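Notes to accompany the following structure.
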Amino acid sequence: MELHTRYLGLDLEHPIIPGASPLCDDVDTARQLEDAGAPLIVMSSLFEEELANMPLSRPAGSIAPPVIPADYRKAGVRVDPEDYFDRVYRLKHVLGIPVVASLNGTTPGGWLRYALAMEQAGADAIELNVYKVATELGETSDDVERDMVGMVDTLRNKLAIPIAVKLSPFITALPNLATHLGEAGAEALVMFNRFYQPHIDWPGMTPSRTLRLSEGNELNLRLRWAAILAERVRPNLAVSGGVTSGQDVARAVACGAHAVQVVTPLYLHGPDYLTTLVEQFVRALEAADVHSVQGLRGRLALGQVPQREAYVRANYYRVLRSGKAGNLSASGTD
Ligand SMILES: Cc1cc2nc3c(=O)[nH]c(=O)nc-3n(C[C@H](O)[C@H](O)[C@H](O)COP(=O)(O)O)c2cc1C
């Protein structure tokens, strides 16, 4: 079985990669993931909020990594970016696989300079994790998208390494944005970020933070958009969210994914589960009489299937019309 894929300009032995999470920051766990066959890892994100006000001692125009002044460290910042750069550096020296660093933010700004330090620490690519909740009445979707494209444009001009953009699923016209991100220099789009919704405690009536692992029924949204974008936009596509099995990986590749990210399965079953996912993936391909990832990719893309309507509007009313009691399923990718 030929499982090779190309993602972010890198040759990968197979398309199943551990997605962004603290699992990939820890050297021992990252080693375990590599031993289990991970062809690449994505580190957790460095967040804009933690960096925005950080003074840099780096002279403008210098390509040296930013030096964090000692008094800033004393001021009790929540995160020391140099720890992050150290981790990139250590991971690169311990692992034989590519390491992708992740930056999380929403606005173009000086904090993007930290991407340069990630590159200098050895990162093979940057994943820009765009997590924007637009709350201002005057802010338009155009404003939000212009910022995203502007961030990619800024990074593209600074970095030599490839850039992936991890997107929100809440975009009105995703194909258009994907096209502009590609033109600005994004080599890959990761679909999608999960928006963690606040829980409302009752009767205390306070919003509280929740971090839930994902569920399999989140995958269909990703599959639909992968199929709609596949073979039509310049960036590679990665699916992230709701992948629970090797068969799900096969679904994502068939819909056009070059890579498939997993986090929840690794938290639930441990890093070694990656091997199981690869084995399941191979069995899923065999069951469908497919001999290579290349031969599978995009078979279910929008332009390839006779059932085009399954991805577009006609699906909406047909699904609702078919919703008689007895044939409704509670969850799952079925
Ligand atoms: C504990 C935890 C930490 C995460 N940290 C990050 C992060 O720092 N940056 C990021 O882009 N995504 C982060 N994610 C989201 C995952 O990368 C992924 O998009 C999401 O969990 C959906 O994939 P899954 O269904 O395989 O879990 C995190 C997820 C979990 C569970």
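Structure summary
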| read-out | value |
| --- | --- |
| Matching residues, segment 112-150, being more than 13 Å from Val100 (Cα to Cα) and in contact (Cβ under 8 Å) with a residue 60 or more places away in the chain | Tyr114, Val130, Tyr131, Val133 |
| Residue in segment 195-203 that is under 23 Å from Trp111 (Cα atoms) and either in a helix (DSSP H, G or I) or among the charged types (D, E, K, R) (or both) present | no |
| Segment 226-251 - residue that is more than 11 Å from the ligand (Cβ to nearest atom) and in a strand (DSSP E or B) and, of those, nearest to the chain's Cα centre (by Cα) | Leu237 |
| Residue count for segment 252-274, restricted to those that are within 15 Å of the ligand (Cβ to nearest atom) and either surrounded by fewer than 24 Cβ atoms within 10 Å (Cβ to Cβ) or assigned to a loop (DSSP other than H, G, I, E, B) (or both) | 11 |
| Extreme residue, modelled with the lowest pLDDT, among residues of segment 185-224 that are within 12 Å of the ligand (Cβ to nearest atom) and β-branched (Val, Ile, Thr) | Thr210 |
| Long-range neighbours under 9 Å by Cβ, at least six apart or interchain, first residue in contact (Cβ under 8 Å) with a residue 40 or more places away in the chain within segment 180-191, second polar (S, T, N, Q) | Glu187/Asn236; Ala188/Asn236; Leu189/Asn236; Val190/Asn129; Val190/Ser240; Val190/Gln261; Met191/Ser240 |
| Unmet requirement for Glu50, which otherwise passes all of (1) in contact with a helix residue (DSSP H, G or I) (Cβ under 9 Å, 6 or more places away or on another chain); (2) at pLDDT 95 or above | (2) |
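Yes/no matrix, rows are residues, columns are (1) surrounded by 17 or more Cβ atoms within 10 Å (Cβ to Cβ); (2) of a type in the set (Asp, Glu); (3) within 17 Å of the chain's Cα centre (by Cα):
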site: Ile126; (1), (2), (3): yes, no, yes
site: Val130; (1), (2), (3): yes, no, yes
site: Ser141; (1), (2), (3): no, no, no
site: Asp147; (1), (2), (3): yes, yes, no
site: Val152; (1), (2), (3): yes, no, yes
site: Thr172; (1), (2), (3): no, no, no
site: Gly182; (1), (2), (3): yes, no, yes
site: Leu189; (1), (2), (3): yes, no, yes
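The values are calculated or read from the model by the stated rules, or taken from the named source; none is laboratory data. Everything numeric here is computed off the predicted structure, so don't read it as measured data. Note that we place each Cβ from the backbone using ideal geometry, even for glycine, and neighbour counts take in every protein chain shown.
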